[in-house]
Amino acid sequence: MSLRPRPQDVVAVHEATSEFEAIAIRDTLEAAGIPVLTRSRLMPGYEVPIIVGGEAGVYADIMVLSRHDERARRVIAEYLEALRTQPVEDTAR
């Protein structure tokens, strides 16, 4: 038995637009017990995302084993919704 999954066993469940987003979603999935990989779209030597298929602004793909696909998408959606609905604290005082 191989310790590494075959490529077809891994699916991209989210396209992170920043390093912060990629780390936050990775940590959220790991906290939910879902093993996760991040595949960078940065070009070595440059601090800009690679344009793939006309899509600019994607920092990294968040990937999981296909058997965790639906659950991972649900966890990510709940996390992003919580960010949108959470009140912003005024720290200027």
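Here Thr85 and Gln8 are evaluated by their C-beta separation; at R0 = 35 Å the FRET efficiency comes out at 0.45. Placing pseudo-labels 7 Å out from each Cα toward the beta carbon at Asp27 and Leu42 gives an inter-label distance of 1.7 nm.
Residues in the stretch 24-41 carry Karplus couplings, in order, of 5, 6, 4, 5, 5, 5, 4, 5, 7, x, 9, x, 9, 10, 10, 10, 5, 10 Hz; the curve used is 6.51 cos²θ - 1.76 cosθ + 1.60 with θ = phi - 60°, and Gly or Pro positions show x.
Each value in this text was obtained by applying a stated rule to the coordinates, not by laboratory testing. Values in this document were obtained by computation on a predicted structure and should not be read as measured data. Neighbour counts run over all protein chains shown; Cβ positions are idealised from the backbone, glycine included.
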